[in-house]
Amino acid sequence: MTDVITFGETMALMKAATPGPLAHVPSLDLGIGGAESNVAIALCRLGTSVMWAGRIGADSLGDLVLRELNAEGIQVKAVTDTTAPTGLMIKERRTPDAMKVWYYRSGSAGSKLDRNDIPVEEIASAKLLHITGITPALSASAAEAVRFAVQSAREAETPISFDLNYRAALWSAEDAGMAFRDIITQVDLVFAGDDEARLVVQGEDAAELARKLTDLGPKQAVVKRGERGAVAHIDGADYQVPAVAVRVVDTVGAGDAFVAGYLSEFLRGATPTERLTTAARVGAFACTVPGDWEGNPRRSELSLLNASEPVRR
(Lines give C-alpha, C1' and ligand atoms only; values in the text may rest on other atoms or scores of the structure.)
Protein backbone atom coordinates (compact mmCIF):
# COMPACT_ATOMS: atom_id res chain seq x y z
CA MET A 1 0.00 0.00 0.00
CA THR A 2 1.26 3.46 -0.96
CA ASP A 3 0.93 6.21 1.63
CA VAL A 4 0.15 9.08 -0.76
CA ILE A 5 -1.20 9.25 -4.31
CA THR A 6 -0.81 12.43 -6.31
CA PHE A 7 -1.10 13.41 -9.97
CA GLY A 8 -0.61 16.39 -12.25
CA GLU A 9 1.76 17.90 -14.78
CA THR A 10 5.50 17.66 -14.29
CA MET A 11 7.48 19.72 -16.79
CA ALA A 12 11.03 20.10 -17.88
CA LEU A 13 12.64 23.10 -16.19
CA MET A 14 15.37 25.31 -17.58
CA LYS A 15 16.86 27.85 -15.22
CA ALA A 16 19.45 30.58 -15.45
CA ALA A 17 22.41 30.09 -13.15
CA THR A 18 23.17 33.82 -13.02
CA PRO A 19 20.99 36.94 -12.66
CA GLY A 20 20.16 39.08 -15.66
CA PRO A 21 17.86 39.28 -18.68
CA LEU A 22 17.33 35.85 -20.19
CA ALA A 23 18.49 37.13 -23.57
CA HIS A 24 21.96 37.66 -22.13
CA VAL A 25 22.30 34.51 -20.01
CA PRO A 26 25.00 32.34 -21.63
CA SER A 27 23.61 28.98 -20.46
CA LEU A 28 20.66 27.30 -18.76
CA ASP A 29 20.57 24.33 -16.40
CA LEU A 30 18.08 21.57 -17.18
CA GLY A 31 15.86 19.83 -14.63
CA ILE A 32 12.21 19.15 -13.84
CA GLY A 33 9.50 20.74 -11.74
CA GLY A 34 5.82 20.53 -10.93
CA ALA A 35 3.83 21.20 -7.76
CA GLU A 36 2.59 17.65 -7.27
CA SER A 37 5.92 15.99 -8.05
CA ASN A 38 7.70 18.52 -5.82
CA VAL A 39 5.48 17.36 -2.96
CA ALA A 40 6.05 13.73 -3.92
CA ILE A 41 9.84 14.10 -3.85
CA ALA A 42 9.79 15.87 -0.48
CA LEU A 43 7.49 13.19 0.98
CA CYS A 44 9.71 10.39 -0.31
CA ARG A 45 12.80 11.95 1.22
CA LEU A 46 10.96 12.12 4.56
CA GLY A 47 10.21 8.40 4.41
CA THR A 48 6.62 8.55 3.11
CA SER A 49 5.85 6.30 0.14
CA VAL A 50 4.31 8.09 -2.86
CA MET A 51 2.85 7.35 -6.28
CA TRP A 52 2.76 10.08 -8.94
CA ALA A 53 0.52 9.72 -11.98
CA GLY A 54 0.55 11.88 -15.08
CA ARG A 55 1.24 12.25 -18.79
CA ILE A 56 4.54 12.95 -20.52
CA GLY A 57 5.49 13.41 -24.13
CA ALA A 58 7.32 10.77 -26.16
CA ASP A 59 10.46 12.90 -26.07
CA SER A 60 13.73 13.33 -24.24
CA LEU A 61 12.21 15.77 -21.76
CA GLY A 62 9.64 13.13 -20.85
CA ASP A 63 12.49 10.67 -20.36
CA LEU A 64 14.10 13.19 -18.01
CA VAL A 65 10.91 13.48 -15.94
CA LEU A 66 10.67 9.71 -15.57
CA ARG A 67 14.34 9.32 -14.73
CA GLU A 68 14.31 11.96 -11.99
CA LEU A 69 11.09 10.75 -10.35
CA ASN A 70 12.19 7.12 -10.41
CA ALA A 71 15.59 8.09 -9.04
CA GLU A 72 13.88 9.73 -6.04
CA GLY A 73 12.11 6.47 -5.20
CA ILE A 74 8.65 7.57 -6.34
CA GLN A 75 6.29 5.00 -7.82
CA VAL A 76 5.46 6.37 -11.25
CA LYS A 77 2.32 5.62 -13.25
CA ALA A 78 2.80 7.65 -16.41
CA VAL A 79 1.13 7.64 -19.80
CA THR A 80 3.43 8.45 -22.71
CA ASP A 81 1.50 10.64 -25.15
CA THR A 82 2.78 10.40 -28.72
CA THR A 83 0.62 13.34 -29.85
CA ALA A 84 1.82 16.06 -27.46
CA PRO A 85 5.15 17.26 -26.04
CA THR A 86 6.32 17.38 -22.45
CA GLY A 87 5.66 20.85 -21.03
CA LEU A 88 8.50 23.27 -20.39
CA MET A 89 9.07 26.13 -17.96
CA ILE A 90 11.98 28.55 -17.85
CA LYS A 91 13.13 30.48 -14.80
CA GLU A 92 14.57 33.92 -15.45
CA ARG A 93 16.48 35.46 -12.52
CA ARG A 94 16.05 39.07 -13.61
CA THR A 95 17.77 40.40 -10.46
CA PRO A 96 19.38 38.52 -7.57
CA ASP A 97 16.06 38.80 -5.69
CA ALA A 98 13.45 38.77 -8.48
CA MET A 99 12.40 35.59 -10.29
CA LYS A 100 10.14 35.22 -13.33
CA VAL A 101 8.86 31.86 -14.56
CA TRP A 102 7.83 31.44 -18.20
CA TYR A 103 5.52 28.51 -19.02
CA TYR A 104 5.25 26.63 -22.32
CA ARG A 105 2.49 24.16 -21.53
CA SER A 106 -0.35 24.91 -23.96
CA GLY A 107 -1.23 21.63 -25.70
CA SER A 108 1.28 19.72 -23.59
CA ALA A 109 0.95 16.05 -22.72
CA GLY A 110 0.28 17.00 -19.10
CA SER A 111 -2.64 19.20 -20.08
CA LYS A 112 -4.28 16.19 -21.76
CA LEU A 113 -4.60 14.31 -18.49
CA ASP A 114 -8.02 12.66 -18.25
CA ARG A 115 -10.03 10.45 -15.89
CA ASN A 116 -8.64 7.28 -17.46
CA ASP A 117 -5.19 8.28 -16.16
CA ILE A 118 -6.35 8.31 -12.51
CA PRO A 119 -5.10 5.28 -10.48
CA VAL A 120 -8.45 4.43 -8.88
CA GLU A 121 -7.38 1.18 -7.20
CA GLU A 122 -4.30 2.78 -5.71
CA ILE A 123 -6.35 5.72 -4.39
CA ALA A 124 -8.71 3.29 -2.70
CA SER A 125 -5.85 1.61 -0.83
CA ALA A 126 -3.78 4.74 -0.09
CA LYS A 127 -3.66 6.66 3.15
CA LEU A 128 -4.08 10.01 1.37
CA LEU A 129 -4.82 11.60 -2.00
CA HIS A 130 -3.07 14.93 -2.63
CA ILE A 131 -4.24 17.33 -5.35
CA THR A 132 -3.55 20.94 -6.31
CA GLY A 133 -5.47 23.75 -7.94
CA ILE A 134 -3.10 23.77 -10.91
CA THR A 135 -4.41 20.59 -12.53
CA PRO A 136 -8.08 21.62 -12.97
CA ALA A 137 -6.89 24.81 -14.70
CA LEU A 138 -4.97 22.95 -17.41
CA SER A 139 -7.91 21.74 -19.49
CA ALA A 140 -11.48 20.47 -19.31
CA SER A 141 -10.26 16.86 -19.29
CA ALA A 142 -7.78 17.58 -16.50
CA ALA A 143 -10.53 19.24 -14.46
CA GLU A 144 -12.72 16.19 -14.97
CA ALA A 145 -9.80 14.00 -13.87
CA VAL A 146 -9.59 15.95 -10.60
CA ARG A 147 -13.34 15.59 -10.00
CA PHE A 148 -13.14 11.87 -10.72
CA ALA A 149 -10.16 11.39 -8.39
CA VAL A 150 -11.93 13.24 -5.56
CA GLN A 151 -15.07 11.18 -6.10
CA SER A 152 -13.03 7.96 -6.09
CA ALA A 153 -11.26 8.94 -2.87
CA ARG A 154 -14.49 9.85 -1.13
CA GLU A 155 -16.12 6.57 -2.11
CA ALA A 156 -13.10 4.71 -0.71
CA GLU A 157 -12.98 6.96 2.39
CA THR A 158 -9.42 7.95 1.53
CA PRO A 159 -8.55 11.36 3.08
CA ILE A 160 -7.94 14.15 0.57
CA SER A 161 -5.42 16.99 0.79
CA PHE A 162 -5.83 20.07 -1.43
CA ASP A 163 -3.31 22.88 -2.02
CA LEU A 164 -4.93 25.77 -3.90
CA ASN A 165 -1.75 26.75 -5.78
CA TYR A 166 -3.47 29.46 -7.82
CA ARG A 167 -1.82 30.30 -11.17
CA ALA A 168 -3.12 33.56 -12.63
CA ALA A 169 -1.69 32.70 -16.05
CA LEU A 170 -3.99 29.69 -16.31
CA TRP A 171 -7.38 31.12 -15.32
CA SER A 172 -9.17 34.06 -13.77
CA ALA A 173 -9.51 34.62 -10.05
CA GLU A 174 -13.29 34.27 -10.37
CA ASP A 175 -13.14 30.92 -12.19
CA ALA A 176 -10.49 29.62 -9.84
CA GLY A 177 -12.44 30.69 -6.76
CA MET A 178 -15.55 28.86 -7.91
CA ALA A 179 -13.62 25.67 -8.69
CA PHE A 180 -11.64 25.85 -5.45
CA ARG A 181 -14.75 26.27 -3.32
CA ASP A 182 -16.32 23.18 -4.88
CA ILE A 183 -13.19 21.11 -4.21
CA ILE A 184 -12.71 22.41 -0.65
CA THR A 185 -16.18 21.23 0.37
CA GLN A 186 -15.08 17.68 -0.44
CA VAL A 187 -11.61 17.46 1.11
CA ASP A 188 -10.18 16.86 4.58
CA LEU A 189 -7.11 19.14 4.55
CA VAL A 190 -6.64 22.41 2.70
CA PHE A 191 -3.55 24.58 2.19
CA ALA A 192 -3.54 28.14 0.84
CA GLY A 193 -1.62 31.38 0.88
CA ASP A 194 -3.38 34.48 2.23
CA ASP A 195 -4.32 35.77 -1.23
CA GLU A 196 -5.34 32.30 -2.41
CA ALA A 197 -7.64 31.83 0.57
CA ARG A 198 -9.32 35.15 -0.25
CA LEU A 199 -10.34 33.74 -3.63
CA VAL A 200 -12.75 31.56 -1.66
CA VAL A 201 -13.47 33.22 1.70
CA GLN A 202 -13.11 36.65 3.28
CA GLY A 203 -11.23 37.39 6.49
CA GLU A 204 -9.29 40.12 8.26
CA ASP A 205 -6.29 37.96 9.07
CA ALA A 206 -4.81 34.53 8.39
CA ALA A 207 -6.41 32.95 11.47
CA GLU A 208 -9.87 34.04 10.36
CA LEU A 209 -9.20 32.82 6.83
CA ALA A 210 -8.17 29.40 8.15
CA ARG A 211 -11.29 29.16 10.31
CA LYS A 212 -13.55 30.14 7.41
CA LEU A 213 -11.93 27.56 5.17
CA THR A 214 -12.80 24.86 7.70
CA ASP A 215 -16.36 26.17 7.75
CA LEU A 216 -16.63 24.85 4.19
CA GLY A 217 -15.95 21.28 5.28
CA PRO A 218 -12.27 20.42 5.93
CA LYS A 219 -11.22 19.73 9.51
CA GLN A 220 -7.76 21.14 8.84
CA ALA A 221 -6.86 24.40 7.08
CA VAL A 222 -3.34 25.82 6.89
CA VAL A 223 -2.57 29.31 5.61
CA LYS A 224 1.02 29.48 4.35
CA ARG A 225 2.61 32.91 4.80
CA GLY A 226 6.19 32.48 3.58
CA GLU A 227 8.69 34.35 5.73
CA ARG A 228 5.88 35.10 8.21
CA GLY A 229 5.36 31.44 9.01
CA ALA A 230 1.96 29.77 8.93
CA VAL A 231 -1.39 29.86 10.70
CA ALA A 232 -3.77 26.91 10.96
CA HIS A 233 -7.18 25.91 12.25
CA ILE A 234 -7.11 22.19 13.05
CA ASP A 235 -9.92 20.20 14.61
CA GLY A 236 -11.45 23.37 16.04
CA ALA A 237 -8.27 24.93 17.47
CA ASP A 238 -5.96 27.71 16.20
CA TYR A 239 -2.22 27.19 15.74
CA GLN A 240 0.67 29.35 14.57
CA VAL A 241 4.27 28.59 13.66
CA PRO A 242 7.06 31.05 12.75
CA ALA A 243 9.21 30.62 9.67
CA VAL A 244 12.68 29.18 10.07
CA ALA A 245 15.32 31.79 9.28
CA VAL A 246 17.69 30.71 6.49
CA ARG A 247 19.80 32.34 3.80
CA VAL A 248 17.30 32.38 0.95
CA VAL A 249 18.51 31.39 -2.52
CA ASP A 250 15.30 30.39 -4.31
CA THR A 251 11.78 30.35 -2.84
CA VAL A 252 10.11 28.44 -5.71
CA GLY A 253 8.90 25.10 -4.38
CA ALA A 254 9.01 26.12 -0.72
CA GLY A 255 5.23 25.96 -0.41
CA ASP A 256 5.23 22.44 -1.85
CA ALA A 257 7.94 21.40 0.60
CA PHE A 258 5.93 22.88 3.47
CA VAL A 259 2.90 20.82 2.45
CA ALA A 260 4.99 17.66 2.26
CA GLY A 261 6.43 18.24 5.72
CA TYR A 262 2.94 18.67 7.16
CA LEU A 263 1.47 15.65 5.39
CA SER A 264 4.36 13.37 6.34
CA GLU A 265 3.90 14.20 10.01
CA PHE A 266 0.12 13.96 9.75
CA LEU A 267 0.41 10.42 8.42
CA ARG A 268 2.82 9.56 11.25
CA GLY A 269 0.21 10.62 13.80
CA ALA A 270 2.09 13.72 14.99
CA THR A 271 0.39 16.55 16.86
CA PRO A 272 -0.69 19.69 14.97
CA THR A 273 2.22 21.63 16.45
CA GLU A 274 4.69 18.95 15.35
CA ARG A 275 3.18 18.89 11.86
CA LEU A 276 3.52 22.64 11.46
CA THR A 277 7.02 22.75 12.94
CA THR A 278 8.31 20.11 10.54
CA ALA A 279 6.48 21.78 7.65
CA ALA A 280 8.20 25.11 8.36
CA ARG A 281 11.57 23.39 8.58
CA VAL A 282 11.16 21.46 5.32
CA GLY A 283 9.94 24.61 3.58
CA ALA A 284 13.01 26.47 4.80
CA PHE A 285 15.32 23.79 3.43
CA ALA A 286 13.75 24.20 -0.01
CA CYS A 287 14.77 27.88 -0.04
CA THR A 288 18.46 27.20 0.53
CA VAL A 289 19.39 25.98 -2.97
CA PRO A 290 18.38 26.80 -6.56
CA GLY A 291 15.62 24.61 -7.95
CA ASP A 292 12.09 23.56 -7.12
CA TRP A 293 12.86 20.45 -5.05
CA GLU A 294 16.60 19.80 -4.94
CA GLY A 295 17.00 21.28 -1.45
CA ASN A 296 14.34 19.12 0.20
CA PRO A 297 15.80 17.30 3.22
CA ARG A 298 15.88 13.69 4.31
CA ARG A 299 14.32 13.12 7.72
CA SER A 300 17.80 12.54 9.16
CA GLU A 301 18.78 16.05 8.02
CA LEU A 302 15.98 18.02 9.66
CA SER A 303 18.21 19.07 12.57
CA LEU A 304 20.86 20.57 10.29
CA LEU A 305 19.30 24.03 10.44
CA ASN A 306 20.13 24.02 14.16
CA ALA A 307 23.74 23.01 13.63
CA SER A 308 26.28 25.20 15.43
CA GLU A 309 29.22 23.99 13.34
CA PRO A 310 29.24 24.61 9.58
CA VAL A 311 31.34 21.48 8.88
CA ARG A 312 30.40 17.96 10.02
CA ARG A 313 33.17 15.36 10.24
The stretch 247-265, residues that are in contact with a helix residue (DSSP H, G or I) (Cβ under 6 Å, 6 or more places away or on another chain) and either of a type in the set (S, T, N, Q) or buried (at least 24 other Cβ atoms within 10 Å of the Cβ) (or both): GLY253, ALA254, ASP256, ALA257, PHE258, VAL259, ALA260, GLY261, TYR262, SER264
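To keep it simple, each residue is scored yes or no on (1) touching a strand residue (DSSP E or B) at 6+ places or on another chain (Cβ under 7 Å); (2) closer than 30 Å to ALA17 by Cα; (3) not hydroxyl-bearing (Ser, Thr, Tyr).
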{"residue": "SER139", "(1), (2), (3)": "no, no, no"}
{"residue": "ARG147", "(1), (2), (3)": "no, no, yes"}
{"residue": "PHE162", "(1), (2), (3)": "yes, no, yes"}
{"residue": "ALA169", "(1), (2), (3)": "yes, yes, yes"}
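Every residue, every condition in (1) closer than 26 Å to ALA280 by Cβ; (2) within 17 Å of the chain's Cα centre (by Cα); (3) in contact (Cβ under 8 Å) with a residue 40 or more places away in the chain; (4) not in a helix (DSSP H, G or I), yes or no:
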| position | (1), (2), (3), (4) |
| --- | --- |
| MET14 | no, no, yes, yes |
| PRO26 | no, no, no, yes |
| SER37 | yes, yes, yes, no |
| ILE41 | yes, yes, yes, no |
| THR48 | yes, yes, yes, yes |
| ALA53 | no, yes, yes, yes |
| LEU61 | no, no, yes, no |
| ASN70 | no, no, no, no |
Would you confirm whether any residue within the stretch 31-50 is surrounded by fewer than 17 Cβ atoms within 10 Å (Cβ to Cβ), at pLDDT 95 or above and in contact with a strand residue (DSSP E or B) (Cβ under 6 Å, 6 or more places away or on another chain)? no
Any chance ALA254 is within 20 Å of the chain's Cα centre (by Cα) and free of Cβ contacts under 8 Å to residues at least 60 places away in the same chain: yes
Tell me the residue from LYS91, LYS112, LYS100 that is surrounded by fewer than 18 Cβ atoms within 10 Å (Cβ to Cβ), touching a strand residue (DSSP E or B) at 6+ places or on another chain (Cβ under 8 Å) and not polar (S, T, N, Q), please. LYS100
Among the residues of the stretch 143-185, what is the count of those that are part of a helix (DSSP H, G or I) and free of Cβ contacts under 8 Å to residues at least 60 places away in the same chain? 24
Pairs, first closer than 21 Å to PHE258 by Cβ and in contact (Cβ under 8 Å) with a residue 12 or more places away in the chain in the stretch 200-221, second acidic (Asp, Glu) and assigned to a helix (DSSP H, G or I), C-beta under 8 Å, six or more apart: VAL201/ASP215; ALA206/ASP194; LEU209/ASP194
Qualifying positions in the stretch 142-190 - among the hydroxyl-bearing types (Ser, Thr, Tyr) and either at positive phi or loosely packed, with under 15 Cβ neighbours inside 10 Å (or both): SER172, THR185
Does the stretch 281-304 hold any residues that are surrounded by fewer than 23 Cβ atoms within 10 Å (Cβ to Cβ) and in contact with a strand residue (DSSP E or B) (Cβ under 7 Å, 6 or more places away or on another chain), and which are they? PRO290, GLY291
Quick one: how many residues across the stretch 193-229 are of a type in the set (S, T, N, Q) and part of a helix (DSSP H, G or I)? 1
Yes or no: SER264 over 20 Å from ALA206 (Cα atoms), at pLDDT below 95 and outside any loop (DSSP other than H, G, I, E, B)? no
Out of contact with any strand residue (DSSP E or B) (no Cβ under 9 Å at 6 or more places or on another chain) and in a loop (DSSP other than H, G, I, E, B): which single residue out of VAL248, VAL252 fits that description? VAL248
The number of residues in the stretch 84-107 that are in contact with a Lys or Arg (Cβ under 8 Å, 6 or more places away or on another chain) and outside any strand (DSSP E or B) is 2
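The values are calculated or read from the model by the stated rules, or taken from the named source; none is laboratory data. Because the structure is a prediction, the values reported are computed rather than measured. Every residue, glycine as well, gets a Cβ built from its backbone with ideal geometry; the counts of neighbours run over all protein chains shown.
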